[in-house]
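The structure under discussion appears below in the form of structure tokens.
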Amino acid sequence: MAHPAERVGKRKRAFSCFRVVVVAILAMAVNACEVRPKAGAVSGPVSQWPPEPAHGNRHMIAAAHPLAARAGREILRSGGGVIDAAIAAQMVLTLVEPQSSGIGGGGFMLHYAAESGDISVYDGRETAPKAASPYMFLDGRGEPRAFADVAPGGLSVAVPGLLRLLEMAHKEHGRLPWAKLFEPAIELAEKGFAVSPRLHKLVAGDKHLKSFAPTAAYFFTSEGKPKATGALLVNKPLAEALRLIAAHGADAFYYGPIAKDIVKAVNGAKHNPGGMTVGDLASYEAKKREAVCLFYRVWLACGAPPPSAGGIATLQILGILQRFDLAAIEPGSTEAVHLIAEASRLAFADRDTYIADPDFVPVPAAGMLDPGYLGLRAKEISLTESLGIAAPGMPAVSAGLGPAPDGAAHGLSTTHVSVIDADGNAVSMTTSIETVFGSRLMVRGFLLNNQMTDFSTLPNKDGAPVINRIAAGKRPLSSMAPTLVLDGQGRIVMAVGSPGGPRIIGYVAKTIVAVLDWKLNIQEAINLANFSNRNGVTELERNTPLVALKAKLEKLGHEIRIEPLISGLHGIAVTGEGLTGGADPRRQGVAFGD
Ligand code: GLU
């Protein structure tokens, strides 16, 4: 596959000159450094506890739980590459962050190979079972049923894709044996891990967990109380499942007893029984796709293509902002929030109109990322007045697309892992079981996703079929935005991503702008107060200095809402001093480097 810079160049998107960013990894001896945000912080005022970045000059991993990051770092220390570390970390996350991601879900991974400069995207997005229908989430009157009603149970479960994704990436780029990567998770599942304050709080606050027997038995005491912070959670069924998958590969999950148990749990759910078959699991395929890339000033930013909107929308925001001198604007100022929010409105107007599973609908990705088109979109932005609700633009588009509204805004689940190794290879991977605890159905110690609710619950709108409508075998629209940034010479500069549902797009764009334009280190960029606009209200992060901008932004025409905006950004930047890692203090993640 051509180097992404070449592909973009071929499409005449290259700029005439590049200022080469110096990204040499210095060989100076820096002691291993660990940065650990306040353990278990569920949210809170960022300004009260700004953590420092982690430093390393060999390798670095940033992940949502210290046990996962530690497992990944051990793999790097024992000669593993970025894919190996990501797999080991992800298996531990299945255990210790069960509310967010796991082998019962899916995700997207970007891999950068330093030697060739190639970026590969591995799409492990879940698929709709064969029995799925565009009308499955409608009530008797043809109205969409509420999210809280349809998410728990079997109907919302899509065919998981994570293990096929990881297996495909490992076959192409893994260095250590597959089975070895499961050892840390198996050992932890057998010995147990301490319930974090965050996990405890989420279990205590969830209305549906108790309704499903194996899930309730795992998360609650025999008296029906959520297991306490610090209590040891042992997960023997997961250890056993991981042992089978370690020994026999992903096939052990997609065929045989595990697959049968998944089908039994989905179809036998006492609330919302679904219609999955063992054939649905056996026929699941991960897909290797081309990254979507765009030059942002002197850098090349690359993201995941559809069925995630994350890559295109993040790049559209950057491509629009390219026309403005952000470096001259203060981070956290009214101007900065206004400009980025306006660019985001425009990107979401296009996202909601043009993006769905490209294997089912034609997505005009190239037209949406054409710099000329984005330049035109940038002209719609006024510095003195908000656009309000932005209309979709007219990228070079194939006919026959209907609107794709929808996409619930969650944000307590999903996880992101960034890894860079000593050779400059990188992984940026976002994975999810959709909402917090997914479908709440637990099979052999892991939770099944509720990713079917990422489809539009309405099959038609304004008389036209919605492009993100449900269809058998189709992948639901995602917003996951694992991103890699390269310099003008094709070397890795940054790996970053976040949870947050559709807000992921804004979180990631903010962090990239903060590092590239505002020259903040990756941790400062992550700490920087969040804001979000999904082509509606402008949300400002609660308990941050941004709240003080409310009146000024309202004067510009923004409708303002103050929200927790709990991202879970994990990123690594390559600087003149080596690798710097950042973990989101709004969650319990950590960056470990050597
Ligand atoms: N299911 C969402 C997506 O694929 C992610 C959910 C979240 O981040 O909370 O975009």
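All of the numbers you see were taken from the coordinates with simple rules; none came from a lab. In this text the structure is predicted, and so the values were computed from the model without any measurement. Virtual Cβ from ideal backbone geometry, glycine too; neighbours counted across all protein chains shown.
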Handout entry: Residue list for the range 424-468, given a label point 7 angstrom along the Cα-to-Cβ vector of Leu138 and an amide N cut-off under 19 Å
Key = 452-468
Fill in the blank from the handout: With Arg475 itself left out, Lys, Arg at +1 and Asp, Glu at -1 over residues whose Cβ is under 12 Å from its Cβ give -2
Exercise for the section: Per residue of the range 162-173, in order, report the coupling 6.51 cos²θ - 1.76 cosθ + 1.60 (Karplus, θ = phi - 60°) as ³J(HN,Hα) in whole Hz, putting x for Gly and Pro. Expected result: 4, 5, 5, 4, 5, 5, 5, 5, 5, 4, 8, 9
Handout entry: Cα gyration tensor shape of the chain, rounded if a/c is under 1.5, else prolate or oblate by comparing a/b with b/c
Key = rounded
Fill in the blank from the handout: Rounded to whole angstrom, the alpha-carbon centroid of the range 562-594 lies from that of the range 480-540 at a distance of 11
Handout entry: Over the chain: helical MRE at 222 nm, DSSP H runs n ≥ 4 each giving -39500 (n - 2.57), nearest 500
Key = -8500 deg cm²/dmol
Fill in the blank from the handout: Taking a straight Cα-to-Cα line shorter than 21 Å from Lys550, and setting aside same-chain lysines fewer than 8 residues away, one finds Lys510
Exercise for the section: Considering only DSSP beta bridges where both residues belong to the chain, give the percentage that are antiparallel (nearest 5). Expected result: 95
Handout entry: Long-range amide H partners of Gly578 with built H, under 5 Å
Key = Leu26
Fill in the blank from the handout: About its Cα centre, the chain carries a charge dipole, from +1 on Lys and Arg Cβ atoms and -1 on Asp and Glu Cβ atoms, whose size in debye to the nearest 20 is 560
Practice task
Please give every one of the lysines within straight-line cross-link reach of Lys207, meaning a C-alpha to C-alpha distance under 20 Å, and leave out same-chain neighbours fewer than 8 residues apart.
Solution key: Lys225, Lys227, Lys270
Problem - Scaled radius of gyration (Cα, divided by 2.2 N^0.38 Å) that the range 161-235 gives - result: 1.43
Problem - Extended-chain gain in nm, criterion 0.36 nm per residue less alpha-carbon gap, Ser382 and Glu187 - result: 64.6 nm
Practice task
Using label points projected 7 Å from each Cα along Cα→Cβ, tell me how many nm separate Ala366 and Leu232, to one decimal.
Solution key: 5.9
Handout entry: Selection from Val234, Ser156, Ala216 lying farthest towards where the dipole of the range 132-237 points positive, charges on Cβ
Key = Val234
Practice task
Only Lys, Arg, Asp and Glu count, each charged at its Cβ (+1, +1, -1, -1), so figure out the dipole size of the range 50-109 about its Cα centre, rounded to 20 debye.
Solution key: 140
Exercise for the section: Could you calculate the contour length gain from Val298 to Lys270, that is, 0.36 nm times the residue separation minus the distance between their Cα atoms, to one decimal place in nm? Expected result: 4.6 nm
Practice task
Calculate one ³J(HN,Hα) per residue across the range 479-493 by plugging θ = phi - 60° into the Karplus curve 6.51 cos²θ - 1.76 cosθ + 1.60, and present them in order as whole Hz with x for glycine and proline.
Solution key: 10, 4, 9, x, 10, 10, 10, 10, 8, x, 9, x, 9, 5, 10
Problem - Spin-label model distance (nm) - Lys130 vs Ala327, 7 Å beyond Cα toward Cβ - result: 5.7
Handout entry: Length released on extending from Ser78 to Asp149, taking residue separation times 0.36 nm less the Cα-Cα span
Key = 20.9 nm
Practice task
Calculate the spin-label point distance for Glu52 paired with Glu290, positioning each point 7 Å from the Cα along the beta-carbon direction, and give it in nanometres.
Solution key: 4.5
Fill in the blank from the handout: Given backbone amide H placed at 1.01 Å from N, residues whose amide H is under 5 Å from that of Ala291, ignoring those fewer than 5 places away on the same chain, are Val121
Fill in the blank from the handout: For the range 331-338, in residue order, the Karplus 3J(HN,Hα) values (coefficients 6.51, -1.76, 1.60; θ = phi - 60°; whole Hz; Gly and Pro = x) are x, x, 8, 4, 4, 5, 5, 4
Problem - Residue exposure sequence - Thr127, Thr435 - by fewest surrounding Cβ within 10 Å - result: Thr127, Thr435
Exercise for the section: Name the lysines eligible as straight-distance cross-link partners of Lys130: C-alpha to C-alpha under 17 Å, and not fewer than 8 places from it in the same chain. Expected result: Lys260, Lys264, Lys474
Handout entry: Spatial separation of Cα centroids for the range 254-307 and the range 145-189, in angstrom
Key = 9
Practice task
Compute the Cα gyration tensor for the range 475-539, then decide on rounded, prolate or oblate, letting a ≥ b ≥ c be the square roots of its eigenvalues: rounded whenever a/c is under 1.5, prolate when a/b is larger than b/c in the other cases, and oblate in all that remain.
Solution key: oblate
Problem - Size descriptor, Kirkwood hydrodynamic radius, that averages inverse alpha-carbon separations across the range 148-301, Å - result: 18.2
Fill in the blank from the handout: Once amide hydrogens are built 1.01 Å from N within the peptide plane, the residues lying 5 or more places from Asn535 or on another chain with amide H under 5 Å from its amide H are Arg345
